[in-house]
1. Can you name the residue in segment 536-569 that is surrounded by fewer than 16 Cβ atoms within 10 Å (Cβ to Cβ) and of a type in the set (Asp, Glu) and is also nearest to Asp519 (Cα to Cα) among such residues?
2. All but one of (1) in contact with a strand residue (DSSP E or B) (Cβ under 7 Å, 6 or more places away or on another chain); (2) surrounded by fewer than 22 Cβ atoms within 10 Å (Cβ to Cβ); (3) not in a loop (DSSP other than H, G, I, E, B) hold for Ile596, so report the exception by its number.
3. Filter segment 313-352 for residues that are over 33 Å from the mean Cα position of the chain (by Cα) and outside any helix (DSSP H, G or I) and give the result.
4. Given the criterion of a type outside the set (Lys, Arg), assigned to a strand (DSSP E or B) and in contact (Cβ under 8 Å) with a residue 24 or more places away in the chain, identify the matching residue among Ile585, Ile573, Ile655.
5. Just to be sure I understand, how many residues within segment 511-535 are at pLDDT 95 or above and exposed (fewer than 14 other Cβ atoms within 10 Å of the Cβ)?
6. Quick test for you: out of Ala267, Ala295, pick the one residue that is of a type in the set (Gly, Ala, Ser), in contact (Cβ under 8 Å) with a residue 40 or more places away in the chain, assigned by TED's automatic domain parsing to the domain that holds Ala235 and assigned to a helix (DSSP H, G or I).
7. For segment 601-608, indicate whether the set of residues that are farther than 19 Å from Asp471 by Cα, within 35 Å of the chain's Cα centre (by Cα), surrounded by fewer than 15 Cβ atoms within 10 Å (Cβ to Cβ) and in contact (Cβ under 8 Å) with a residue 60 or more places away in the chain is non-empty.
8. Looking for something at pLDDT 95 or above, out of contact with any Gly (no Cβ under 8 Å at 6 or more places or on another chain) and surrounded by fewer than 19 Cβ atoms within 10 Å (Cβ to Cβ) - is there at least one such residue anywhere in segment 264-286?
Amino acid sequence: MKALGEITNVVYWGPGWDDFDAQLSLSKNIEKLEIQISYIICYKAAEIKQINEVGIPICITYNEMYDKTSVLDEINVIKPSLIICHHENDMVNFQKNAFKHINFLTTFKHIPHCADKSIFYNKNLDREIDILLCGVISKRYNKKERLIKLIQLPLIIMGVLFPFSYGSYDFKANLITFINIIIKGYAPKHYPLRDRFIKVFELIPEKYKCVIYKHPGYSKGDAHTDIHPKEFSDAINSAKICLTCNSKHKYRLAKMVEIPACGSALASDIPNQDEESFNDLIIKIDFKMTNKQIAEKLVYYLEHKDELARIANNGYKWVQKYTQQYYAEQLLSNLKQLENKNVKIFVLSEDLKTLQNKWICDVLKDEFLEYSNLNFVENPKDADIIWLLAPWAHSKINKIYLEEKFVITTTHHIDKMKYPKNKNYYKYIDSITNRYHTICPKSYSDLRSITQKEIVVSNFWINKKNFYKIDDKKGLRIKYNIPENALIIGSFQKDTEGKGNHKPKLSKGPDIFIEIIKDLKKTNNRDLFVVLTGWRRTYIINKLNELKINYVYHELVDTTVLNELYNCLDLYIVSSRVEGGPRAILEASVAKTPIISTNVGISELVLHEESIYDMNNLLSYRLAVANIDSAYEKACEYSIDNYMNTFIKKVFYEIK
């Protein structure tokens, strides 16, 4: 941060500072600053109250990401715009295994560990230590007098007080630090090679001075003074060889930059990053080598000073690039890219080009592209976000893009009766989805039962330019050969299972519709006439023929014809058992067509409760009252002109 402050304005501030009120949200605290903030760079961001509501791009950095659960929890709470990862292999592994559990569009960038050249540099000290062991090690060591001088000090392990001995070494050259062993129970787990180095020291001839440097720990209240890195630099400058390992995670650790920056030779295994570079700038050891082989290799370099100098010089040259100034420049560059980032979206609909008129998902896509003013792309390869508006058509997109891109999936509804049959489909959809969208609370409940991922609920919009009341009902009935004085009932929803199958699609309730029609035929004094549109109406058509009830069927019509047909009706009946919508509720409501419905989908969002009947008590439809004015008023809340921005803020909330 000091280096960043040299190239841009940086304010140090947050919890614990005198003018920060921990009882207030971050937004309220920022208001008190009275300065314009472009970015927020956080440490322990989850501890800051309501940080995810601040409306300013947030950057968080990760030194380690192997604990995927805790990292995911923090990311999903904070919703950062930028995530800086210090270990490239960690970042790649996290993205591969955990990315699809991130519910927020964010940017991952790798910036490697760098060294502060004002602290880590060659001080040209007498390198009186032959081998310096750096980093956390475990408590398993041999108390040989030539390695350490033992002193008695208390040590807290797991909350229990233990007396324990650990070593110290007092440097010359006006050094005030001690080189000690720090005892950490997790060290063997994370640093299995380093944990063997004490045994390696026992195999090195006694004429060589081998010292263990105490790791300062991870939570230091005086970290801002730089005392600990300065002490470490002094220690490195006093050693010919600095011995460490890259952990079981194969990290390119900070000390792998700091050691060569001080002119010492680095002895370590090669990390899973910059492998080619490290091949020629370290004394290579690895876990497969025996302790004896490691000891012999270290002694070889101590006895061959030219070889040792070559390693140290190669490391020193390589590390000149990786300064804190370089880190700050990379960080600022990535932050500035957030300002100009125009999120690109690809929308997957059914794209049924073989049909004369577009199906509903294609209509919704066209309207979204026209009214949203977002940045859309025609190829999913170029997208930042892929919106699966029609997820059943996912095979139209390369599987790799679905795995690597941020995917928002719209689940319109879940038919529980068909779920066992479609379980593998839902499992796959969940594996590629970052965030779900569904359109009503009922669909949310069903979806929540099969996924733990984020779900946003937002109804679709209605275009009042396409659906509206037409006063000339008589003229419309003449136009479409519909009896002027009959009771005209409408049903524009699919009712039959797949192509060539005459079985009823029970989720749509065509059997309920027919029972209502039969009852109307008995109880109504007017002739009945049914208007049908849409795909796959075979079941109802066959039943109407059996009942000798007149009907007209317009299979697939455009929105102009559809709106005119709504305006021909005396009543539209929704008889579904399971729905995400249905779309007809919004369409009929803004056309001021009388409508009653079972309690499915968006019915409770739009229709008055008196317009909703019980699907399990068919005759309850008789009590349902089509409240035209109430339905129209509620449906208008979803008018595309007024509602589109609300929809975007809910479903695509990271797009500012």
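The values are calculated or read from the model by the stated rules, or taken from the named source; none is laboratory data. Owing to the predicted nature of the structure, the values given are computational and were not obtained by experimental measurement. Every residue, glycine as well, gets a Cβ built from its backbone with ideal geometry; the counts of neighbours run over all protein chains shown.
1. By that ranking, first place goes to Glu546.
2. (2)
3. Gln320
4. Working: Ile585 fails: assigned to a strand (DSSP E or B); Ile655 fails: assigned to a strand (DSSP E or B).
It is Ile573.
5. 0
6. Ala295
7. no
8. Within segment 264-286, one or more residues are at pLDDT 95 or above, out of contact with any Gly (no Cβ under 8 Å at 6 or more places or on another chain) and surrounded by fewer than 19 Cβ atoms within 10 Å (Cβ to Cβ).
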